[in-house]
Structures are given as C-alpha cells and as structure tokens.
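*Asks:* Dropping the structure in here first, questions after.
Coordinate-derived values only; no laboratory data. The structure displayed is predicted, hence computed values, not measured ones. Every residue, glycine among them, receives a Cβ derived from its backbone with ideal geometry; neighbour counts consider all protein chains shown.
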Amino acid sequence: MFTQDKDIKEKVRCTVEKAIIEAQSDGVFPSDIKPEIKLEYSSAKGTGNFTTNSVYLFSQKLGKPFEDVVKEIKSRIASDVISSTTVALGIHTNFTVSREEILNSLKEMAREGEEIGKVDLGKARVMLIDYSSPNIAKPFGIGHLRSTIIGQAVYNIYSFLGWKCIGDNHLGDWGTQFGKLIYQINKENLDLDSLNIDLLEQAYVRFHRESEANPQALDAAREYFRKLEAGDKQAKRIWEVCRKISLQEFDRIYEILGIKIDYTMGESFYEGKVKEIIDLASEKGYAQKSQGALVFLFPNNKLPTLVLQKSDGASTYFARDLAAVKYRMEEWHPDILVYEVGTDQELYMKQLFSASDLLGLAPENKFKYVGHGMIRGREGKFSTRKGQTIHLQEVLEEAVIKARALIDNVQKGKDLDEEEKENLAKAVGIGGIKYNDLSQTPVQDIIFDWDKILNFKGNSGPYIQYTYARCQSVIRKETSLSKKITAEKMSEKDDYWGLEEDIIMYLLQFKDRLVEAHDSFSPNIVCTYIYSLCQKYNYFYNECAILNCPDENEKEIRLNITKTVSAVIKICLSLLGVEAPEKM
Ligand code: ARG
C-alpha cells in the first residue's frame, strides 16, 4: 500500500495557493498569473517550519510590493494548519505550523510505521538493473563489491517506490580470458575434478607470466576461445567446470552479503545472439571492416569506435552487451535500464547506450549509468601484498571477527547469548562494510578504513544500528511497564517542544529525501538522512525522559517519536541492505 494522503507540507502549500486564488477571484490580484508555491522545510531556527520565495516571485510578477502581497495572503489564510506567517530577509515568506497539526502528523506517521515514505513513483513501470557482474574464473574481488552493494540499494529504493524491478547479473563468463584458461589447463594437464577457485586464479596468473615471455601463448589462447565459440567439446567442458566453480564461490559471497539477484544470464547466454547484432549493425551501415576486424563506427566520430568482432571471428564484450540490450528489451520491456559499473567503463557505457540507440534497440534516454569509484586503503592502494588482488571473502570474514570484538567490549555483562552475539557480529560487520560504501557518493573513490567502518560513533553502520536498538529497547520496555503511571504536572523546564518539533519536522522530510535518492540514484542521500535523524534522536534521548515522563500526553508524544524514528531507521537500513538488530 502506498501513502497518498496529503502531508503537512502539501496542506500548507494548498492553503497558501487557496488564499491567493481567493484574492484573485475577489479582484485584489489579477487572475492571469498562476500562483505556484514551492515550499522548503526550514532549517534555521526562528524561520518557521516552511519557507518559500515563491510569494516574492509572485509579487514581482504582479508588480506589487512584497509586504503588501504577504499581508493580503495572510489575511486570507483561514486554516488551523498555519499558525503564523512572517516575512524574512526580504524575499522569504516563512510559515509556522500549529503544534496540533505537527502532533497530528506525528500520530499519522506512528500509525503508518514501516510504510512511511512509500509513495508510488514507479506506478508499476519496469526498471532493469545490471549490477554485480563479477568475472568467472577470478575470485570475487573487492571491486565488484561496490557494484553489488550500490546496485542492490538502488534496486531496493526503486522497488519500495513502486517500480517493478529486475536485477540482472551480467556475469563475465565468456570471452578471450577463457581461451587463456583453457590453454593453461590443457598445457599443465590440470585435473578438472580437483580444480577450485584458487587453483583457477593461480593458473590465470601463470598464464600471464608465461605470455609475457612467450607471446605465442596469446595466439594459442585466442585459438582456444575460437574453438570454444565454435562448440569444441573439450573446450566447452573446461569452461563449464570453471563456470560452476566460480558460481559456487559467488553464491557463497552473495549469501554472506545477504544478496539475491533475480537473474544471472551472464555473457555466455548471448553467444548465439551476437550474429543478429552484427548483421543489424552492417545493415544499418554502422559496421566497417578494419584490419580484418569489424568495428562499430559512430556518426561523425562523436565517440571512439569499438570492435564488434575480432579478426579471428571471436565475439566481443561490446557485441554481447548489445545483444543483452536487445534481449532485455524484448523479454522485460523495461522503462529504464540502469547499469551499475565502475567509472573505468564510463566511456564504454556511453558508447553502448549510443550504439543501442543507433541500432534501434532502445532509445538512449532510457539508459542510466550509475558509476562507482574505486575502493582505496587508508595508505593509498587497497591491496595485500604487491599486485595481489584482495579477496572479498577474507575481508568479510575479518569484518565479522572485528565486529565480534567490538560487541564483546560493549556487551560485557549484558543479556545476549553466544549465538545472538555471533549473529550480531555478522550483522554489524557486514552491515558496517555496506554502510561505509553506501554512505559515500557512488562515483567517488572511497577509503576502506576499519576504524571508521566499525565504530559506534560517526556516520557508520554500527552507529545507526545502535540507535535502532536503542529505540527498540524503549519500545520493548514500554509494553512491559504498567500503564498506570499517575499523571503529574510537568514543570516548565520539562517542556522540550523545540527538540520534539525539530525531530518531527525532520521525520516529515523523509519522503522528500527518499524521492531525491530515487531521482538521483544516490543511496548516500538515505545515509546522510538517517545519520542526522539518529543524531537528533540520541540528543533528544539524553535530554528528555521518555518512559519516565510524568505527563501521560507528553509521554505518548515521546513514544510516538521513538516509534517513528525506529520505523524510519528500519526502512532505511532495509533499503540499504543492512540488518537492523533488535538488541545490541
Ligand atoms: N564483468 C564486467 C567487469 O567486471 C562488468 C559488466 C558490467 N555490465 C555490463 N553490461 N557490461 O568489468
């Protein structure tokens, strides 16, 4: 179910527009100028709850003094929503909303719970996202981690906002690199039954060492890939084993990460579909022979050419990608196609989108490229020993061990048993890694720093999870406490309306922030939002008595704040693919 009700911002906007229209029909303002009021949530103290410069712009169009226009509107605002309207800084009009209205919105949010912010932007349209896409016969590297985490978060945000999402893992399971592996396996006569991912990786490394000294090895590898594409049985058998071993390894990683991708078509799926693409490109006049190969030429050379087919007839990454576009359009009819791929392929993605458009496979404006930067270590490059790729599984295991130590530290003498602590360590360790990645702008390079990732302070996964558990603990205690606390009169110094109002107004902004994250494909907006929300809540928690609040009404407000904060954090963590443990 989607939230469709008018929210408080919308109510204020309508009230102001209504006042203007009324003034227009009374002939006070000319009626040929359409009022368009755009409101912002006020961020500074003393500027009301909403602010706008639209009234100023309107007065300019009317050619009337701004103050007079505000005065006229103000006199016509007949609503219990707006309690005061003021002019500030020459061009802004600020609106203060009545406390009652703010409290009503809080109740409404507390009632909505985990449906808060769920607006139907997708309207059942289809969004296809190509993400993760590791290469087989190589271990799942830290580089593909970003695509997996960011791609999944984008998928989740789009699903939450009403899109029908299709995730497709464009596995690198075809291409010349398999020729290299087949060559090496044959040359060393490796036993297929005892192969594993490490042995495959080592064989690949040995091939590269050999080909540096002996360039003929490369020719032989190409020949093996050609054989593979021609359906050679022995080559195919080796390829199958490599693929199976890799998939097992990837599944293990996806399992640890808690990720499930809808489809894994993989590049090999398009093997038989490339010819059609090549014919189409030739027919349309974009394909041209060049030194034996077939290349794709962009009109006026607006983009660099790309190889469609190698001189030995082998298919290319590009041709398979074009075939994938065609297949995806025919199979799922997506309204948008999102590609979450490293920024090192940014130009290539432009070429792919443009070529797809030229070939009539899908219009360029349906494509959206979401790139991610590299992961760097604190001291520069992120690597173990020289040249060695970091294995993701080792990093994830280390995260859980480190998280466990952290938990043992804070949990001393608390009420979790061994199994609960182990599960918590997984949630915190893996969640910390994901959050660290998602909290930064995707296209930027990010720093991998354990001290920041696993820290209960700052914009980190553990901090957010901890705040969630804190809310949950308040909610749990509330239900176990007897309801009969006698209402006492609160003293004036117990009035924390300023703090409460601040959190409620901030909670109300959640919807807008989510839409922003959606429109800009930026899960980091969600992180920035919950981080501030958690900071506000923790401050409030330390300042005000919640369960021990002597006034029943006030206590309910504080509990509703707690419940809503908790629900919003839970929604956000689930969008980010981070677990929200109840106890910590
Ligand atoms: N396997 C590729 C790589 O690791 C990424 C694939 C991205 N998706 C695509 N449709 N090209 O570089």
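*Asks:* Hey, can you rank 333-345, 123-135, 145-157 by average C-beta count inside 10 Å, highest first? Before the final figure, lay out each step's value.
*Replies:* Values: 333-345: 18.8, 123-135: 21.0, 145-157: 25.2.
Packing order, densest peptide first, comes out as 145-157, 123-135, 333-345.
*Asks:* With the Cα gyration tensor of the chain giving a ≥ b ≥ c as the square roots of its eigenvalues, does the rule (a/c under 1.5 for rounded; else a/b larger than b/c for prolate; else oblate) give rounded, prolate or oblate?
*Replies:* Values: a/c = 3.09, a/b = 1.59, b/c = 1.95.
Since a/c reaches 1.5 but b/c is at least a/b, the shape of the chain is classed as oblate.
*Asks:* What is the fewest-to-most order of Cys165, Cys534, Cys572, Cys14 by other Cβ atoms lying within 10 Å of their Cβ?
*Replies:* Fewest-to-most ranking of Cys165, Cys534, Cys572, Cys14: Cys14, Cys165, Cys534, Cys572.
*Asks:* Additional query: 7 Å from Cα along Cα→Cβ at both Trp450 and Leu547: what's the point-to-point distance in nm?
*Replies:* 3.6
*Asks:* Relative contact order for the chain: what is it in percent, counting Cα pairs under 8 Å that are at least 6 residues apart?
*Replies:* 14
*Asks:* Over what distance in Å are the Cα centres of segment 246-297 and segment 140-155 separated?
*Replies:* 19
*Asks:* Can you list residues from other chains, or at least 5 along the same chain, whose modelled amide H is less than 5 Å from the amide H of Trp174?
*Replies:* The answer is Glu267, Ser268.
*Asks:* Could you tell me what percent of the DSSP beta bridges with both partners in segment 71-198 are antiparallel, to the nearest 5?
*Replies:* 50
*Asks:* What residues have an amide H closer than 5 Å to that of Leu308, excluding those fewer than 5 places away on the same chain, when H is modeled at 1.01 Å from N in the peptide plane?
*Replies:* Leu294, Val295, Phe296
*Asks:* Find out how many positive minus negative residues lie around Cys527, taking Lys and Arg as positive, Asp and Glu as negative, among other residues whose Cβ is under 11 Å from that of Cys527.
*Replies:* +1
*Asks:* Right, here's the next one. Separation between the Gln216 and Ser84 pseudo-spin-labels, each 7 Å from Cα along Cα→Cβ, expressed in nm?
*Replies:* 9.0
*Asks:* Between Glu394 and Glu346, 0.36 nm times their residue separation minus their Cα-Cα distance comes to what?
*Replies:* Details: separation 48, 0.36 × 48 = 17.28 nm, distance 2.89 nm.
Length difference between fully extended and current span is 14.4 nm.
*Asks:* Right, here's the next one. Give me the distance in nm between label points sitting 7 Å out from Cα along the Cα-to-Cβ direction at Asp32 and Asn538, one decimal.
*Replies:* 5.8
*Asks:* Using 0.36 nm per residue of separation minus the Cα-Cα distance, give me the extension gain between Glu100 and Glu422 in nm, one decimal.
*Replies:* Roughly 111.4 nm would be gained on extension.
*Asks:* For Val87, what residues show an amide H to amide H distance below 5 Å, using hydrogens built from the backbone and excluding near sequence neighbours?
*Replies:* Asn94
*Asks:* Go through segment 290-336 and name the trypsin sites (Lys or Arg not before Pro) that are in a DSSP coil and have 16 or fewer other Cβ atoms within 10 Å of their Cβ.
*Replies:* Hits after loop and neighbour filter: Lys302.
*Asks:* Tell me, how many Å apart are the Cα centres for segment 11-35 and for segment 335-372?
*Replies:* Cα centres, segment 11-35 to segment 335-372: 45 Å.
*Asks:* Also: Of all DSSP beta bridges located in the chain, what percent are antiparallel, nearest 5? Numbers along the way, then the final one.
*Replies:* Details: 22 of 42 bridges.
Given both bridge residues lie in the chain, the antiparallel proportion sits at roughly 50 percent.
*Asks:* Expressed as a rounded percentage, what relative contact order does segment 238-322 have, with Cα pairs under 8 Å and six or more residues apart?
*Replies:* It rounds to 21 percent for segment 238-322.
*Asks:* For Lys284 and Glu331, what is the calculated FRET efficiency with R₀ set at 35 Å and r taken between the beta-carbons, to the nearest 0.05?
*Replies:* 0.95
*Asks:* Oh, and also: In percent, how large is the relative contact order of segment 35-169, given Cα pairs closer than 8 Å and 6 or more residues apart?
*Replies:* The normalised contact order for segment 35-169 reaches 19 percent.
*Asks:* Multiply the residue gap between Ile91 and Lys45 by 0.36 nm, knock off their C-alpha separation, and tell me the result in nm, one decimal place.
*Replies:* Here the segment from Ile91 to Lys45 would lengthen by 14.8 nm.
*Asks:* I'd like the orientation of helix 497-508 relative to the chain: the angle between its Cα long axis and the longest Cα principal axis, in ° from 0 to 90, rounded to 10.
*Replies:* Result, in degrees: 40.
*Asks:* Give me Trp450, Trp174 ranked fewest to most by other Cβ atoms within 10 Å of their Cβ, as a rough exposure proxy.
*Replies:* On the way: Trp450 15, Trp174 25.
Placing the least packed residue first, the sequence is Trp450, Trp174.
*Asks:* Sticking with this one: How many percent of DSSP beta bridges within segment 316-475 run antiparallel, rounded to 5?
*Replies:* Here the antiparallel bridges make up roughly 20 percent for segment 316-475.
*Asks:* As a quick test, which of the pairs Lys368/Lys570; Lys164/Lys511; Lys350/Lys434; Lys457/Lys570; Lys38/Lys74; Lys366/Lys511 have an alpha carbon distance above 23 angstrom in this structure?
*Replies:* Working: Lys368/Lys570 28 Å; Lys164/Lys511 19 Å; Lys350/Lys434 28 Å; Lys457/Lys570 19 Å; Lys38/Lys74 17 Å; Lys366/Lys511 25 Å.
Result: Lys368/Lys570; Lys350/Lys434; Lys366/Lys511 exceed 23 Å.
*Asks:* When Thr264, Thr467 are ordered from fewest to most other Cβ atoms inside 10 Å of their Cβ, what list results?
*Replies:* Details: Thr264 18, Thr467 24.
So the ranking, lowest neighbour count to highest, is Thr264, Thr467.
*Asks:* Determine which residues of segment 188-219 fall in the zone a paramagnetic label at Ala230 would reach in this model, i.e. backbone nitrogen under 16 Å from the point 7 Å along Cα→Cβ.
*Replies:* Counting backbone N atoms under 16 Å from the label point, the list is 219.
*Asks:* While we're on this one: Cα to Cα, under 16 Å, and not fewer than 8 places away if on the same chain: which aspartates and glutamates meet these conditions relative to Lys64?
*Replies:* Asp32, Glu72
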